[in-house]
Amino acid sequence: MTTSRRTLLAATATTAGTLAAGLSAAPAAHAAPGRRPAREFFGRLADGTRVDRWTLANGGTRMAVLSYGGIVQSLELPDLRGRYANVSLGFDNLEDYVALSPYFGALIGRYGNRIAGGTFTLDGTAYQLPLNNGPNSLHGGTQGFDKRVWDVEPFVSGPDVGLTLRYVSGDGEMGYPGALSVRVDYTLTGGGDWRIDYRATTTRPTVVNLTSHVYFNLAGEGSGDVYDHELRIAAARYTPVDATLIPTGELAPVAGTPFDFRRSKPIGADIRVSHPQVLFGQGIDHNFVLDKGITRTPDNIVTVHEPRSGRTMRIATTEPGLQFYSGNFLDGSFAGTSGRVYRQGDGFCLETQHYPDSPNHPSFPTTVLRPGETYRSTTVHSFA
Ligand code: GLA
């Protein structure tokens, strides 16, 4: 979208709050553009801890974020005609996030994706993590960063508005060595981009792989499956997995497989091809080896376009990998934010990351962080 069109939409966003009312949980995700994010009460955890919901808006993009898990509870974007919809799957209440959520919208850590057998060796010491995904540890274990209450501070900086989220993960938490101080900035730029900057430091050598687990449906959450979305991923290789979704270590070519998204194609195009890797994932649930590799500044890696609404999202990242998950394990067993049931393929995740199980694959880019170093990762989502 051109700057002028986004500026126009931003200018109308305050009066357009009603447009979003039927699509978002509470009628509040329309803080005035460029203004300081607003805080409201969202709920209480079983132990009494208060959870806040922050709303922010800029450049035509509106977002609501929970202090619990750093969860993006709603992400509202205009379509070609300026009509807003919430394009992220989630819930309208805290209880469902706690009891049901398959990481909807959440910040993931200390290690995003799987670690085989929940174990790895670092500097000669073996560590054991909780197993929460068959024989493996997934997304930081049973109480990962997605289930922690983050300290949240709003900021306004020039044309940008945003939230700084902080969490200190104790030495030994979920089996990981070292106290890890994590800072994540969610920024909505004046042009309506959503930028995520991750930073972390540690007191002892550890492994880190942070990501965001938003489930997108650019036609609007609860509107059906995402198979018509046209997806392009700049990756000529991917990491094939075993039956428990652990990489074999091979970097295999996507050419001639359902994993070839080098030219834009509908997400559903090859999802029913009887390829052994598709069967393992019950669809696509794989890490793509981004052609650009690790970069100091975010490089474009993804374009995804939803033809009916005309919405387009681009993703740029500094990371070397991307987990594309086609919402395979959504099974119709619960309803989401707008009260519609989520079924298989009703949302997709594009998780920028280092490769899964890197601590057990010395040939993969390292995920080790040592005292004195700073972990840095940036991902930018832009919308049109
Ligand atoms: C990740 C995994 C998937 C699945 C989802 C949550 O994306 O790769 O296999 O576990 O999280 O359901």
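Read the figures in this text as sums done on the coordinates, not as results from a lab. Everything numeric in this text was worked out from a predicted model, so none of it was measured. Glycine also receives a Cβ, built like all others from the backbone with ideal geometry; neighbour counts cover every protein chain displayed.
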query: When ranked by the protection proxy of mean other Cβ atoms within 10 Å per residue, highest first, what sequence do the peptides 184-194, 276-286, 370-380 form?
result: 184-194, 276-286, 370-380
message: Between residue 156 and residue 340, what is the label-point separation in nm under the 7 Å Cα-to-beta-carbon projection?
response: 3.5 nm
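So what is Rg over Rh here for the range 176-241, counting just Cα atoms and using Kirkwood for Rh? Before the final figure, lay out each step's value.
Working: Rg = 17.2 Å, Rh = 16.0 Å.
Result for the range 176-241 is an Rg/Rh of 1.08.
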field: Rounded, prolate or oblate (a/c below 1.5 giving rounded, otherwise prolate when a/b exceeds b/c) for the range 112-233 by Cα gyration tensor
entry: oblate
- line: Taking every alpha carbon pair in the range 295-380 and sorting the distances into 5 angstrom bins from 0 up to the bin holding the longest one, the percent per bin comes out as 3, 11, 15, 17, 18, 13, 11, 7, 4, 1
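Looking at the range 181-277, which trypsin sites (Lys or Arg not before Pro) are DSSP coil and have at most 16 other C-beta atoms within 10 Å of their C-beta?
Working: sites: 183, 195, 199, 232, 237, 262, 263, 272; in loops: 262, 263, 272.
Those that pass, being in a loop and sparsely packed, are 262, 263, 272.
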task: Under 16 Å from a label point 7 Å along Cα→Cβ of residue 41: give me every residue in the range 77-115 with its amide N that close.
output: 93-95
- prompt: Quick one: if the Förster radius is 35 Å, what FRET efficiency do residue 125 and residue 50 give, using the C-beta to C-beta distance and rounding to 0.05?
  reply: 0.40
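Please compute the contact order of the range 155-236 in relative form: average sequence separation of alpha-carbon pairs under 8 Å and at least six residues apart, divided by the residue count, as a percent.
Working: 106 pairs, mean separation 16.8, N = 82.
Computed value for the range 155-236: 20 percent relative contact order.
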Placed amide H near residue 136: partners under 5 Å, 5+ positions off or other chain: 117
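Classify the range 208-305 as rounded, prolate or oblate from the Cα gyration tensor: take a ≥ b ≥ c as the square roots of its eigenvalues, call it rounded if a/c is under 1.5, otherwise prolate when a/b beats b/c and oblate if not.
rounded
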field: Radius of gyration, Dmax [the range 105-182; alpha carbons; angstrom]
entry: 15.0, 48
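Evaluate the relative contact order of the chain (contact order divided by residue number), counting alpha-carbon pairs under 8 angstrom at least 6 apart; express in whole percent.
Relative contact order comes out at 17 percent.
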query: Given labels modelled 7 Å from the Cα in the Cβ direction, how far is it in nm from residue 296 to residue 373?
result: 1.8 nm
- line: the range 264-323: spread of alpha-carbon positions along the three principal axes, whole Å, largest first, is 38, 30, 13
